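Chemist: Have a look at this one.
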There are 2 protein chains.
Amino acid sequence: MSQPAIVLVRPQLGENVGATARAMLNCGLTRLRLVRPRFPWPSERAVAAASGADAVLAEASLHDTPAAALADLQVVYATTARGRDMAKPIVTAREAATLMRSQIAAGLNVGVMFGPERTGLENDDITLAETLVTIPLNPHYMSLNLAQAVLLVAYEWHTSGNPPPARADIPPAPKEELFAFVDRLEQVLLDKDFFREPTMRPTIMRNLRNMWQRAGATSQELRTLHGVVSALLGAKGPPSWKQ
Amino acid sequence: MSQPAIVLVRPQLGENVGATARAMLNCGLTRLRLVRPRFPWPSERAVAAASGADAVLAEASLHDTPAAALADLQVVYATTARGRDMAKPIVTAREAATLMRSQIAAGLNVGVMFGPERTGLENDDITLAETLVTIPLNPHYMSLNLAQAVLLVAYEWHTSGNPPPARADIPPAPKEELFAFVDRLEQVLLDKDFFREPTMRPTIMRNLRNMWQRAGATSQELRTLHGVVSALLGAKGPPSWKQ
């Protein structure tokens with residue numbers, strides 16, 4: 001059991017269970033358990049909403065009570081939109097992900113419970129869990145649907161185990177290529193009497209250098225810029241634009 | 001502007017825009033911009049799907065082009081499901097949240113672009129942004145809908161802390177100034193017959209746009225670049241350099 005089970009307690013709509021399967025699979029989760037869904041199971045509407053994640057639905061298990069759905073689990077989290085007056089620790093979804101990682105690494109069988117769409121988990125359901133999970137959201141407007149709540153918990157699980165990929169590097173040109181371009185441009189601008197005030201020259205050139213340094217211009221880009229300058233210099237007709 | 005704008009480019013379904021407003025408001029985001037939705041606007045279906053977040057819809061702005069929707073922004077992120085062969089940094093949604101926090105703390109006007117449901121952003125849209133954002137998901141099954149993608153980016157924004165502000169010393173120009181410069185340059189290069197192979201034009205212009213996007217060119221720098229182009233165009237003598 002290398003991942004937590006997702007336990008949906010008395011879900012109301014097949015669409016939402018399908019969307020939940022889709023949200024789970026996006027995050028690599030495949031262990032789905034249903035407690036007494038309020039629609040016939042299996043559900044065509046669930047399959048339609050699963051967008052190709054129907055293998056998750058096909059392998060979902062069906063249970064009569066929350067206790068039965070949790071029977072083989074050793075650690076259970078219960079999701080709740082609001083704080084409850086319950087003698088239980090409350091953690092955020094991100095904290096829960098970290099906790100579950102270490103519990104699963106220790107060989108424990110872990111699950112997360114979600115309640116019905118409209119009402120959430122009842123207190124009797126929550127007593128079956130050790131820990132409450134909340135998703136920090138706008139306190140003035142909390143209106144996640146079931147699949148979105150599962151998505152955020154599953155996303156935290158997924159990202160907790162997957163350090164961000166290394167950046168795709170954009171190799172900047174060797175500095176000599178950058179310097180050669182800027183030196184050429186400076187010479188051209190001198191020839192064009194661009195620096196009417198000679199005192200402006202260092203400032204302007206420093207600004208231009210800084211800009212291209214920040215851009216981390218590549219060799220290809222510098223070749224293009226050389227071509228641009230040559231093209232502009234090769235002007236035959238009058239300029240089509242005047243500043 | 002204490003939060004990023006969410007820019008939906010050519011969304012296909014009103015329901016998805018409504019669900020996006022709902023996802024945004026859950027995370028405290030209210031700045032929504034739409035580029036040429038493919039359904040009549042305002043949209044009853046959007047309102048129905050917004051579940052009480054219709055104030056976000058009512059205040060959404062409508063634009064004809066991505067460039068118009070981004071005009072007053074100084075920093076733009078483009079979301080993409082897959083890595084692209086683009087000379088741009090790629091960050092995760094969590095990294096983007098941290099970056100946006102410090103950029104906004106420094107007084108910058110920031111936005112995140114999302115593409116159409118089926119296809120995502122086109123390369124021409126992406127060239128308008130400095131940075132790509134990916135959401136790390138199951139590499140074997142990535143199937144977020146639009147509102148879920150917005151939810152995850154908005155959730156990362158909401159949960160991200162408040163790091164010290166970035167150096168505010170280089171405020172990039174509003175995008176319209178950058179776009180105007182690149183558009184002018186493209187026109188000038190057309191006049192100079194720079195694009196000998198017409199098929200090269202989009203690639204060359206994309207490369208140039210990407211480079212200046214990365215540079216985060218300031219208004220002052222763009223004025224200088226305009227002056228440089230004018231100076232080069234005003235050539236009297238023969239070019240002093242040939243490539």
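The values are calculated or read from the model by the stated rules, or taken from the named source; none is laboratory data. It should be emphasised that the depicted structure is a prediction, and the values quoted were computed from it without experimental measurement. Cβ coordinates were reconstructed from backbone atoms using ideal geometry, including for glycine residues, and neighbour counts include every protein chain displayed.
Chemist: Step by step: first the residues of region B:193-224, then only those that are aliphatic (A, V, I, L, M), assigned to a helix (DSSP H, G or I) and within 8 Å of another protein chain (Cβ to nearest Cβ), then the one that is farthest from residue B:130 (Cα to Cα). Which residue is that?
Modeler: The residue in question is B:204.
Each row is one residue, and each column tells you yes or no for (1) outside any helix (DSSP H, G or I); (2) surrounded by fewer than 22 Cβ atoms within 10 Å (Cβ to Cβ); (3) in contact with a Pro (Cβ under 7 Å, 6 or more places away or on another chain).
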residue: A:78; (1), (2), (3): yes, no, no
residue: A:88; (1), (2), (3): yes, yes, no
residue: A:91; (1), (2), (3): yes, yes, no
residue: A:94; (1), (2), (3): no, yes, no
residue: A:103; (1), (2), (3): no, yes, no
residue: A:108; (1), (2), (3): yes, yes, no
residue: A:111; (1), (2), (3): yes, no, yes
residue: A:120; (1), (2), (3): yes, yes, no
residue: A:124; (1), (2), (3): no, yes, no
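Chemist: Tell me, yes or no, whether region B:41-60 has at least one residue that is crowded, with 17+ Cβ neighbours inside 10 Å, on the phi > 0 side of the Ramachandran plot and of a type in the set (Ser, Thr, Tyr). Talk me through it step by step, then tell me what you get.
Modeler: Of region B:41-60, the ones crowded, with 17+ Cβ neighbours inside 10 Å are B:43, B:46-47, B:49-51, B:53-54, B:56-57, B:60.
Next, only the ones that are on the phi > 0 side of the Ramachandran plot stay: B:51.
Filter once more, keeping what is of a type in the set (Ser, Thr, Tyr): B:51.
Among the residues of region B:41-60, at least one is crowded, with 17+ Cβ neighbours inside 10 Å, on the phi > 0 side of the Ramachandran plot and of a type in the set (Ser, Thr, Tyr), which makes the answer yes.
Chemist: Which pairs do you get when a residue that is facing chain A (nearest Cβ under 10 Å), found in region B:46-64, comes within reach of a residue that is assigned to a loop (DSSP other than H, G, I, E, B) and of a type outside the set (A, V, I, L, M, F, W, C), reach meaning Cβ atoms under 8 angstrom, with the pair 6+ apart or on two chains?
Modeler: The qualifying pairs are B:51/A:143; B:52/A:141; B:52/A:143; B:53/A:141; B:53/A:143; B:55/B:30; B:56/B:30.
Chemist: While we're here: So residue B:209 passes all but one of these: (1) touching a Ser or Thr at 6+ places or on another chain (Cβ under 6 Å); (2) modelled with pLDDT of 90 or more. Which condition number does it fail?
Modeler: (2)
Chemist: Continuing with this model, one more query. So, of the residues in region A:126-140 that are away from chain B (no Cβ under 14 Å) and assigned to a loop (DSSP other than H, G, I, E, B), which turns out to be farthest from residue A:9 (Cα to Cα)?
Modeler: A:130
Residue-wise test of (1) more than 27 Å from residue A:25 (Cα to Cα); (2) at pLDDT 90 or above; (3) touching a Leu at 6+ places or on another chain (Cβ under 6 Å).
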residue: B:119; (1), (2), (3): no, yes, no
residue: B:135; (1), (2), (3): no, yes, yes
residue: B:154; (1), (2), (3): no, yes, yes
residue: B:162; (1), (2), (3): yes, no, no
residue: B:167; (1), (2), (3): yes, no, no
residue: B:175; (1), (2), (3): yes, no, yes
residue: B:184; (1), (2), (3): yes, yes, no
residue: B:187; (1), (2), (3): yes, yes, no
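Chemist: Also: What's the total number of residues in region B:37-72 that are in contact with a helix residue (DSSP H, G or I) (Cβ under 6 Å, 6 or more places away or on another chain) and not basic (Lys, Arg)?
Modeler: Going through region B:37-72 one residue at a time, the tally reaches 16.
Chemist: Quick test of your reading of the structure: residue A:133 fulfils all but one of (1) in contact with a strand residue (DSSP E or B) (Cβ under 6 Å, 6 or more places away or on another chain); (2) within 24 Å of residue B:129 (Cα to Cα). Name the failing condition by number.
Modeler: The one condition residue A:133 does not meet is (2).
Chemist: Only one residue in B:94, B:82, B:118, B:101 is more than 11 Å from chain A (Cβ to nearest Cβ), closer than 20 Å to residue A:155 by Cα and more than 15 Å from the chain's Cα centre (by Cα). Which one? Even if it seems obvious, please write down each step before you answer.
Modeler: Details: B:94 fails: more than 11 Å from chain A (Cβ to nearest Cβ); B:118 fails: closer than 20 Å to residue A:155 by Cα; B:101 fails: closer than 20 Å to residue A:155 by Cα.
Just one listed residue meets the conditions, B:82.
Chemist: Could you check region A:191-232 and list, in sequence order, the residues that are of a type in the set (A, V, I, L, M) and in contact with a helix residue (DSSP H, G or I) (Cβ under 8 Å, 6 or more places away or on another chain)?
Modeler: Hits for region A:191-232 are A:204, A:205, A:208, A:211, A:215, A:217, A:222, A:225, A:228, A:229, A:231, A:232.
Chemist: Output the number of the condition that residue A:42 fails; it satisfies all remaining conditions of (1) within 29 Å of the chain's Cα centre (by Cα); (2) more than 14 Å from chain B (Cβ to nearest Cβ).
Modeler: (1)
Chemist: If you don't mind, another one. For residues in region A:133-148 being crowded, with 21+ Cβ neighbours inside 10 Å and under 20 Å from residue A:4 (Cα atoms), which is nearest to the chain's Cα centre (by Cα)?
Modeler: A:148
Chemist: Quick one: residue B:147 ticks every box in (1) more than 10 Å from chain A (Cβ to nearest Cβ); (2) part of a helix (DSSP H, G or I) except a single one, so which number is it?
Modeler: (1)
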